[in-house]
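S.K.: Please see the structure below; I have some questions.
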Amino acid sequence: MEENIFPLPAVAGILENELVEARLHNDGRERPELTRSIKALQLEMTGSYSTPIYLVIDPESGEVLGRRDGALLDEQRFAAFLRQALDGGGRG
């Protein structure tokens with residue numbers, strides 16, 4: 001996703017202009033204590049250790065506006081997920 005979908009125009013435009021992107025990478029081996037903290041935060045935010053999970057969160061309320069479990073390797077469909085979340089909620 002990071003290499004094949006995020007840079008594509010339909011997705012990149014939304015990510016760059018309408019969202020603040022944050023990523024949790026939970027596969028670090030050099031600092032196991034940090035990895036444990038990241039996994040705990042992921043579990044708290046998503047209820048799951050699975051990856052990838054994409055969340056669109058309202059920065060003021062903390063409400064999850066959109067959630068996508070698993071990769072979506074289609075530019076237009078991933079852009080539609082982001083747009084739906086921004087336009088009023090899209091879980092799925």
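S.K.: Round to the nearest 10 and give me the degree value, 0 to 90, for the angle of helix 9-18's Cα axis relative to the longest principal axis of the chain.
M.R.: Computed tilt is about 70 degrees.
S.K.: Round to the nearest 10 and give me the degree value, 0 to 90, for the angle of helix 32-46's Cα axis relative to the longest principal axis of the chain.
M.R.: Here the helix axis deviates by roughly 40 degrees.
S.K.: Same structure again: Counting just the Cα atoms, what span does the range 1-46 cover along each of its three principal axes? Round to the nearest Å and put the largest first.
M.R.: Principal extents (Cα only, largest first): 37, 21, 13 Å.
S.K.: Taking Cα pairs under 8 Å and at least six residues apart, what relative contact order does the chain come out at, in percent? Please report the intermediate quantities before stating the final value.
M.R.: Working: 99 pairs, mean separation 24.1, N = 92.
Once divided by the residue count of the chain, the mean separation gives 26 percent.
S.K.: Would you work out the Kirkwood radius for the chain? I mean one over the mean of 1/r across all pairs of different Cα atoms, in Å. All intermediate terms of the calculation are to be shown ahead of the outcome.
M.R.: Values: mean 1/r = 0.0715 Å⁻¹.
After inverting the mean inverse Cα-Cα distance, the result is 14.0 Å.
S.K.: At a temperature of 25 °C and a viscosity of 0.890 mPa s, determine how fast the range 38-92 diffuses translationally according to Stokes-Einstein, using the Kirkwood radius over alpha-carbon pairs as Rh; express D in µm²/s, rounded to the nearest whole number.
M.R.: Numbers: Rh = 11.7 Å.
Once the numbers are plugged in, D ends up at 211 µm²/s.
Every number here is computed from the coordinates shown, using simple stated rules; none is lab data. Just so we're clear, the structure is a prediction, and the values are computed from it rather than from any experiment.
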